[in-house]
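Take a look at the structure set out below.
The values are calculated or read from the model by the stated rules, or taken from the named source; none is laboratory data. Nothing here was measured: the structure is a model prediction, and the numbers come from that model. All Cβ positions, glycine included, derive from the backbone under ideal geometry; neighbour counts span all protein chains shown.
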Amino acid sequence: MYALIALGYTMVYGIVRLINFAHGDVFMVGAFLAFYSVEKFHLPLPAVFAMAAGGSAILAVVIERLAYRPLRNAPKIAALITAIGVSLFLEYFTALHQVFGPNYYAFPRPFQVVSLEIGGITVTNIQGIILVVTLASLGGLQYVVHRTKVGRGMRAVSHDAVTAGLMGVNVNAVISFTFGLGAALAGVGGVLYGVAYPQINTFMGVMPGLKAFIAAVLGGIGSIPGAVLGALIMGQSETMTTAYLSSTYRDGIAFVLLIAVLLWKPTGILGKARTEKV
């Protein structure tokens with residue numbers, strides 16, 4: 001799940017050099033869309049994934065068009081502050097009683113939980129679904145980026161947006177598509193989160209969003225394989241910390257890892273240093 005969220009951070013940064021701090025709240029909206037799809041409309045699981053991914057993608061495209069595009073040529077600090085503002089707006093706007101409300105909601109699992117013990121390790125069907133859906137999403141993303149025309153445009157804009165525009169690439173459309181694609185993956189992550197930890201609220205995206213951002217930095221922000229690697233390291237570190245130290249340190253280990261990677265290798269494990277044009 002960290003990987004699905006981290007991919008949105010790393011793709012957006014790779015295209016427009018923006019840390020989209022509202023991405024964790026888009027993940028939250030995806031979880032609520034899934035909640036209403038199951039609770040109110042009783043949709044099957046594939047339709048729930050489609051609803052959450054589609055709704056999250058539309059929201060991200062609207063945010064990009066209204067909040068980020070007008071600031072594309074502004075100083076980076078302006079876009080960063082705007083991203084934090086959009087994040088706070090989503091959290092408190094959705095907490096209104098007329099929207100989602102401030103309460104915690106029990107996420108209805110659309111299937112029965114079944115556990116299986118293999119070699120002393122207990123595995124549930126929920127974990128299996130998370131693994132299969134995540135791998136399928138990553139495979140689809142790799143196909144889009146490396147085997148499609150829009151993916152070629154994404155790589156071109158990431159390398160040099162001005163030259164890509166001169167070569168006929170619609171830069172604005174590519175950036176909007178990147179925001180939407182990253183948000184769709186976050187929406188899928190929201191469904192998986194609701195199924196795995198069946199309790200949601202409007203502030204649920206804050207900590208997973210921060211940890212996914214740290215995972216992206218750890219792996220090398222701007223690198224898709226790096227985001228996945230960083231997310232795996234983050235998840236394993238949390239699990240090992242909980243098992244061998246204390247669950248109290250679970251959240252703290254993420255920020256220790258961030259400090260360590262910034263001191264040791266600021267570009268991340270798979271990241272590459274960029275040359276800045278003067």
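So the values come out like this:
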{"read-out": "Enumeration of residues in segment 214-250 that are crowded, with 20+ Cβ neighbours inside 10 Å and polar (S, T, N, Q)", "value": "223"}
{"read-out": "Residues that are in contact (Cβ under 8 Å) with a residue 24 or more places away in the chain and farther than 17 Å from residue 209 by Cα, drawn from segment 229-264", "value": "261, 262"}
{"read-out": "Filtered residue count, segment 101-125, keeping only those that are out of contact with any strand residue (DSSP E or B) (no Cβ under 9 Å at 6 or more places or on another chain) and touching a residue at least 40 places away in the same chain (Cβ under 8 Å)", "value": "7"}
{"read-out": "Candidate set: segment 71-81, residues that are hydrophobic (A, V, I, L, M, F, W, C) and in a helix (DSSP H, G or I); chosen: the one surrounded by the most Cβ atoms within 10 Å (Cβ to Cβ)", "value": "79"}
{"read-out": "Given (1) farther than 15 Å from residue 213 by Cβ; (2) at pLDDT 90 or above; (3) not aliphatic (A, V, I, L, M), number of the condition residue 73 does not satisfy", "value": "(2)"}
{"read-out": "The lone exception for residue 68 - which of (1) touching a helix residue (DSSP H, G or I) at 6+ places or on another chain (Cβ under 7 Å); (2) outside any loop (DSSP other than H, G, I, E, B); (3) under 27 Å from residue 197 (Cα atoms) it fails", "value": "(3)"}
{"read-out": "Failed criterion for residue 197 (all others in (1) modelled with pLDDT under 95; (2) farther than 27 Å from residue 113 by Cα; (3) of a type in the set (Phe, Trp, Tyr) hold)", "value": "(2)"}
{"read-out": "Test result for residue 176, polar (S, T, N, Q) and touching a residue at least 24 places away in the same chain (Cβ under 8 Å)", "value": "yes"}
{"read-out": "Conditions (1) in contact (Cβ under 8 Å) with a residue 60 or more places away in the chain; (2) out of contact with any Asp or Glu (no Cβ under 7 Å at 6 or more places or on another chain): number failed by residue 205", "value": "(2)"}
{"read-out": "In segment 142-184, the residues that are within 16 Å of the chain's Cα centre (by Cα) and farther than 20 Å from residue 17 by Cβ", "value": "142, 184"}
{"read-out": "Filtered residues of segment 215-266 (kept if aromatic (Phe, Trp, Tyr) and within 15 Å of residue 2 (Cα to Cα))", "value": "255"}
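Quick grid of which residues meet (1) surrounded by fewer than 22 Cβ atoms within 10 Å (Cβ to Cβ); (2) in a loop (DSSP other than H, G, I, E, B):
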{"residue": "7", "(1), (2)": "no, no"}
{"residue": "31", "(1), (2)": "no, no"}
{"residue": "37", "(1), (2)": "no, no"}
{"residue": "43", "(1), (2)": "yes, yes"}
{"residue": "47", "(1), (2)": "yes, no"}
{"residue": "52", "(1), (2)": "no, no"}
{"residue": "62", "(1), (2)": "yes, no"}
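This table checks each residue for (1) surrounded by 19 or more Cβ atoms within 10 Å (Cβ to Cβ); (2) charged (D, E, K, R).
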| position | (1), (2) |
| --- | --- |
| 103 | no, no |
| 109 | no, yes |
| 123 | no, no |
| 141 | yes, no |
| 144 | no, no |
| 181 | yes, no |
| 186 | yes, no |
| 197 | no, no |
